[in-house]
Structures are given as structure tokens and as C-alpha cells.
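A.B. asks: Below is a structure I'd like to ask you about.
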Amino acid sequence: MDHELHKLQIACAYLFSPIHARDHSFIVSLDRNMIKKAFREKAKLYHPDLHGNETEAMILKRKERFIKIKKSYEYLSQRVHDYRPTDVKQPENKPQKRPVVIAVGGAKGGIGKSLVTANLSVSLSNKGLKTVAVDLDLGGANLHLYLGKTRIKKNINDFFDKKELGISDIMEKTDFGPYLIGGDSGRLGAGNIPFARKLKLLKAIKTIDADCVVIDLGGDTSYNMLDFFLAADQGVVMTTCDPASYLDAYTFIKVALYRKLNRLFGPESDYSGETTGVLKNLIQDMTLPQNGRGVSDMNVFRAKIKQECPSGLGIVNQAISGFFPHIIVNKTNDANAAIEPVKRIQQVAKQNLTIDINHLCNLPFMTDIEKSARTLVPWVSTDSNGSFAILLDGLSKTLLSNIIL
Ligand SMILES: Nc1ncnc2c1ncn2[C@@H]1O[C@H](COP(=O)(O)OP(=O)(O)O)[C@@H](O)[C@H]1O
Ligand SMILES: [Mg+2]
């Protein structure tokens, strides 16, 4: 991609949103007032001095983010001053837009992953964003039911089987705003797609002509689920307040990070082919316990790399610090119920994995929601001004505003 355009897009993503950054007509329409206004709004959200009651880690994150926002503001202001419409050319026949991909994964079945995926998709769609909900719970696909469809015409298996079908050919409009790419688990082996098919699917998802793609994952830690989760711009991990559930959620996060490190030099990675044997071996030892030499602590792992392959430390640190999952606690009975589970997950993740986890929100248990799943109408559509819809609206805004290209 044109280097200048890429820099403009990154600055736009920080100052406006990733969706704006991918919209060529928006970039060419920018003026000083828009840039100033956006900077003021973002400064209110991210200025570290305005959030004194947060943890040190969060304040540090805010500080880093604020510096990027300020730099983006200065860069865009300068570019607008020098701007000539010919500076940024739209490559012919090549859409600039790539959808924002959000994956919803986490603990095992029954905790609300599909329900949240469906309602989040409706919420995004209600904002005027073209949204596609994708069912990648390959072994237990049922997202279509949460979006009002008892039957789907085509599904992911058709995309795999029929060469002539592109990803958009298996998309169906639902009655509630979002499009749907449904799954069918009724076929033996549906959950066990080979690596090449997975890469084909991941590539295709990023080319979907939409603003947002929301992926519903299964509740297991198979390589497929982890890779779908890692391919997203935003990874949401769901849990309930039950110890079994939040332990599951933590395990999911842990193995997802291990998988990320393990695939650091795979063909799907930005660092594809850029490894030294020493670094690769150290990562294999850390992430694959069957090698028998695994270390269970990220601090020990980092110290080992520093000692044995110092040139690789930067890549590994970047991969770890770029891993910033969000958690949603679902089916809470009261506002305080989630405090302890969230604290536990955050503490253990900080200590053992050296990562921060963002607590996105709590969603209350509501009998109306349970009923809505039976009537096949997303609750956000039925009660579009109610408390659940407001929570989901806030959730989608946070997910979109936090994205870094
Ligand atoms: N906040 C909630 N309040 C009430 N029921 C919920 C809530 N979230 C999910 N459910 C119900 O829990 C059940 C399991 O949800 P589902 O989304 O299918 O879970 P998963 O995809 O994690 O297996 C469904 O019957 C759904 O309606
Ligand atoms: Mg599900």
C-alpha cells in the first residue's frame, strides 16, 4: 500500500475510528475543524490526568494512547495544510475498506456467546454500519437461530466445498439489520477444518464488503477457535461469575496468547519467515509443553529470550503487549457479583502472562432475554431503547473506538 496513505489511515484510526480510516472519501473530505473537534473529543476520553481513580496499568495505557492521538492530530493537521487532492489516490478497482473484525469467544457452552454476537451485530447495524455476523462455532453452529432464521440457504461448508462461491455468496440478510454467514454442524468432521481451509476462510473474512464483522466462536480451545480469535481486531472473552466459567475464560486467554506466540512466524503472521532457529526453538519450548522443557511463566520466558536470543526480544514483547483481550461477564445477578471474578482473571493474567485484560462490561441475567432467544428475535430489536440495548450500544462504541490498525 502507498506509504503516505497508510500513515494517513493510521492517524485517522487514532483520531476518528478505524472505519473512518478505511473510508477513502472520508480521508479526502477532512478539514482542520473536523480534526480539531475529533482531537478535543478523544482528549476527553484518553487524557491520563482525567482518570486518576484507575489502576496504574490503565493510566499507563491511556497515556500511551493519548500520545498516539496527539501525534495523529499533529500529523493530520500538517497534512491537511499541505493537502492536494491528488496526494491520495484511490487505487483503481481496489476497495480500500477492510471490515473491523470482532470475535466473541471464551468459556464453554451456554454462557451467551451466540446471544451476545447476535445482539452486538444488531446494535452495530442500528448505527448504520453494515455488519455481518459469522458463525464459526463450527461444531455447534446455531447463530442463525439468534438472528431469526430457522433455515439458511448456504453455509460455511458450501464456501469450502464449492470453488465458485465467494464469501459474499454465502451471506444472507436477516430481518434485524445484520447479514449472516451461518454454519452447519450436522456433517461429520464439520468442526475439524484443515489448516489450508482455515487460512482461506480467514483471508476471505477480511475481504467482506462491510464495516464490521462479528464472529461467534465455539467454547473450546481448539487451534481453529484460537486462530479465529487471534485473527480479529478485537477479541472478546465471555464468562459468567461461576468459578468453572471464569477459569475456562482465563484458560482460553492463556492458550490464545501461547498460540499467538507459537504462530508468530507462520504464513498468516506479519513476521512470516523472519525467524532465527534459536528464537523459534525457545518459543516452541515455552508454548508446547509436550516438548518437556516448557516454562509456565511469561517473565521467565522473556528473561530466557533476553539471555539466549536478545535480538528476538522486541518481536516477542510486541506480540505480548499487542494482545489485549476484553472480558464480558454475562448473566450477572447484581452489579457487584462480577468484581471478584474479574479481579482474579486480571491479577493472574498480569502475574503469569504479563498482559492487561480490559473489563468491557457486565450483562445482567434477564428472563426477557432468555425468552427472546426462544422467539428467535434479538432482544436489542424487541426493546431497542431498553437497558440491554443501551449496554450493547456502549459496548459496540468501546470496541470500535479502541481499535488500532
Ligand atoms: N444475559 C442473559 N440473560 C438471560 N439469558 C441469557 C443471557 N445470555 C444468554 N442467555 C441464554 O443462555 C443460553 C445460552 O446462550 P448462548 O448464547 O447459546 O451460549 P453459548 O453461545 O455461549 O453457548 C440461551 O438460552 C440464552 O438465551
Ligand atoms: Mg454458541
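A.B. asks: Please specify each residue of segment 96-110 satisfying the condition of being within 13 Å of ligand 2 (Cβ to nearest atom) and open to solvent by less than 10 Å² (accessible area, probe 1.4 Å).
C.D. replies: 103, 104, 105, 106, 107
A.B. asks: How many residues are out of contact with any strand residue (DSSP E or B) (no Cβ under 7 Å at 6 or more places or on another chain) and either farther than 20 Å from residue 218 by Cα or within 16 Å of ligand 2 (Cβ to nearest atom) (or both) when one looks only at segment 155-165?
C.D. replies: 5
A.B. asks: Let me spell it out: the conditions are (1) closer than 15 Å to residue 107 by Cα; (2) touching a Pro at 6+ places or on another chain (Cβ under 9 Å), and residue 206 meets all of them except one. Which number is the exception?
C.D. replies: Among (1) closer than 15 Å to residue 107 by Cα; (2) touching a Pro at 6+ places or on another chain (Cβ under 9 Å), residue 206 violates only (1).
A.B. asks: Collect the residues in segment 126-173 that are under 19 Å from residue 112 (Cβ atoms) and of a type in the set (S, T, N, Q), keeping them in residue-number order.
C.D. replies: Selection gives 131, 142.
A.B. asks: Restricting attention to segment 183-205, report how many residues are in a loop (DSSP other than H, G, I, E, B), out of contact with any helix residue (DSSP H, G or I) (no Cβ under 8 Å at 6 or more places or on another chain) and of a type in the set (Lys, Arg).
C.D. replies: 0
A.B. asks: Now a separate question. Can you tell me which residue among 142, 126, 155 is within 16 Å of residue 186 (Cβ to Cβ), open to solvent by 30 Å² or more (accessible area, probe 1.4 Å) and among the polar types (S, T, N, Q)?
C.D. replies: 142
A.B. asks: Kindly indicate the residue of segment 242-255 that is surrounded by 21 or more Cβ atoms within 10 Å (Cβ to Cβ) and away from ligand 2 (no atom under 16 Å from the Cβ) and also nearest to residue 109 (Cα to Cα) among those meeting that condition. Reasoning before the result, please.
C.D. replies: Start the filter on segment 242-255 by keeping residues that are surrounded by 21 or more Cβ atoms within 10 Å (Cβ to Cβ), which leaves 245-246, 248-250, 252-253.
Okay, now just the ones that are also away from ligand 2 (no atom under 16 Å from the Cβ), so 246, 250, 253.
Details: 246: 13, 250: 15, 253: 16 Å.
Here the answer is 246.
A.B. asks: Let me ask you something else. Quick check, is residue 180 buried (at least 18 other Cβ atoms within 10 Å of the Cβ), in the same structural domain as residue 106 (by TED's automatic domain parsing), outside any loop (DSSP other than H, G, I, E, B) and in contact with a Lys or Arg (Cβ under 8 Å, 6 or more places away or on another chain)?
C.D. replies: Spelling it out, residue 180 is indeed buried (at least 18 other Cβ atoms within 10 Å of the Cβ), in the same structural domain as residue 106 (by TED's automatic domain parsing), outside any loop (DSSP other than H, G, I, E, B) and in contact with a Lys or Arg (Cβ under 8 Å, 6 or more places away or on another chain).
A.B. asks: Here's a follow-up. Which of (1) crowded, with 19+ Cβ neighbours inside 10 Å; (2) within 16 Å of ligand 2 (Cβ to nearest atom) does residue 362 not meet, given it meets every other one?
C.D. replies: Condition (2) is where residue 362 drops out.
A.B. asks: Would you call residue 331 away from ligand 2 (no atom under 16 Å from the Cβ), outside the structural domain of residue 177 (by TED's automatic domain parsing) and basic (Lys, Arg)? First the steps, then the outcome.
C.D. replies: On the way: away from ligand 2 (no atom under 16 Å from the Cβ): no; outside the structural domain of residue 177 (by TED's automatic domain parsing): yes; basic (Lys, Arg): yes.
Criteria not met by residue 331.
A.B. asks: Determine whether residue 168 is away from ligand 2 (no atom under 16 Å from the Cβ), open to solvent by 30 Å² or more (accessible area, probe 1.4 Å) and outside any loop (DSSP other than H, G, I, E, B).
C.D. replies: For residue 168, the condition - away from ligand 2 (no atom under 16 Å from the Cβ), open to solvent by 30 Å² or more (accessible area, probe 1.4 Å) and outside any loop (DSSP other than H, G, I, E, B) - is met.
The values are calculated or read from the model by the stated rules, or taken from the named source; none is laboratory data. Only a predicted model underlies this, so the values are computations on that prediction, with no experimental measurement involved. Neighbour counts are summed over all protein chains in view; Cβ atoms, including those assigned to glycine, are modelled from backbone coordinates with ideal geometry. Each accessible area value is taken on the protein alone, full model and side chains, heavy atoms only, with ligands, DNA and RNA left out. Shrake-Rupley method; radii C 1.70, N 1.55, O 1.52, S 1.80 Å.
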